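Report on the following structure.
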Amino acid sequence: MKKWLGSGMLLLTAIIWGVAFVAQSVGMDYVEPFTFNFARYIIGAVVLLPFLKLGNPSTGKKSTGDKSLEDDLKEQNAEVKAKQKAVIKKSIIGGIGCGFLLCIASMLQQFGIMYTNVVGKAGFITALYIILVPVLGIFLRKKTKPLVWICVVISVVGLYLLCVSDGYRLELADLLLLACALFFAFHIIFIDYISPGTNGVLVSCVQFFVAGVCCMVAMFLFETPSFAGVLKAYIPILYTGVLSCGVAYTFQILGQKYVEPTRASLILCLESVVSVLAGWLLLSQALSIRELIGCVIMFVAIILAQFVQKEELADDKKSLQMVEEPANNR
């Protein structure tokens, strides 16, 4: 039952994120990119504030009347508080780093969506981060499976059909979205690096605040923000701030507690498919047959990339067992 509940949460997350591409496109009819992202990230951070204490261990202990037990409890409480401080410190530092990467990735995505005429393309190009993560693992001295390179080749073929026009060149929007996928891959790798010993909700909340502040600075430097424009774009801003940032992120955390990583990634990558359907249903944006074939080919590459993740998890389990077996024999 819990697996079905978790899968349902992840599916809802993919749907929310897929429709968010439409909201981002519509929002820029009224406000400029930095203004839009500033508003939605600040809202997203505020939405997560009530959930910050989730998962924090309790430090309170009842008095027993026994002095020796009281001393032991005081020492335990001190240790717990010290660990909590360390978790908070690491979470804040990690959140700041995540915030900078998220800001760069999201702004590249926002400008890419602004310059493209079909939001579905943005969804599929952004989803390439799933393939880029294991490729970038080479620079972290991680072994890259042959299947990864097959996925890369397949995705390049799909990208060619989806993006390359008759002039045999990529459009500016496509280049921006490719750079966006690269920075989202950096973002995921960085989260993987800092995630042990951190509070996931706090990391996310801090990263949203940092990304929002960075966008605010850029907004005043490069744009002319209008309160009237923000009011006109309140529906897209609230959707991406409350649902895409706040609710979807929370559902992702809860869903992944009950669903294995490979299956979770498979469900979440459906956001690219949802973005195409949402663009068609809500904005009447249709892809050509050539572009649809490109989407299908890229989606196959994204699905195959999940099997790489599954193999890596299996390898990690085997290595862990090899380490634990000698210890158990002592």
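Restricting attention to helices (runs of 4 or more DSSP H) lying wholly within segment 178-291, give those where 3 or more residues are within 14 Å of the chain's Cα centre (by Cα) and either under 15 Å from residue 37 (Cβ atoms) or not acidic (Asp, Glu) (or both). Give the steps one after another, and end with the answer.
Values: elements: 200-222, 227-232, 234-238, 248-256, 261-268, 271-283.
Ranges flagged: 200-222, 248-256, 261-268.
If you check 64, 59, which single one turns out to be of a type in the set (Val, Ile, Thr), under 24 Å from residue 202 (Cβ atoms), modelled with pLDDT under 95 and assigned to a loop (DSSP other than H, G, I, E, B)?
That would be 59, the only listed residue that is of a type in the set (Val, Ile, Thr), under 24 Å from residue 202 (Cβ atoms), modelled with pLDDT under 95 and assigned to a loop (DSSP other than H, G, I, E, B).
Going residue by residue through segment 129-147, is there one that turns out to be touching a Cys at 6+ places or on another chain (Cβ under 7 Å) and not hydroxyl-bearing (Ser, Thr, Tyr)?
Yes: one or more hits.
Return yes when residue 138 is under 27 Å from residue 275 (Cα atoms), in a helix (DSSP H, G or I) and either more than 22 Å from the chain's Cα centre (by Cα) or β-branched (Val, Ile, Thr) (or both) and no when it is not.
When the stated conditions are applied, residue 138 does not pass them.
Yes or no: residue 81 under 15 Å from residue 203 (Cβ atoms), at pLDDT 70 or above and assigned to a helix (DSSP H, G or I)?
It is false that residue 81 is under 15 Å from residue 203 (Cβ atoms), at pLDDT 70 or above and assigned to a helix (DSSP H, G or I).
Taking the condition of being touching a Phe, Trp or Tyr at 6+ places or on another chain (Cβ under 7 Å), surrounded by fewer than 19 Cβ atoms within 10 Å (Cβ to Cβ) and among the hydrophobic types (A, V, I, L, M, F, W, C), how many residues in segment 197-252 meet it?
3
The values are calculated or read from the model by the stated rules, or taken from the named source; none is laboratory data. Note that the coordinates shown come from a computational prediction; the quantities given were computed from them, not determined experimentally. Ideal geometry is used to build each Cβ from the backbone, glycine not excepted, and the neighbour counts take in all protein chains shown.
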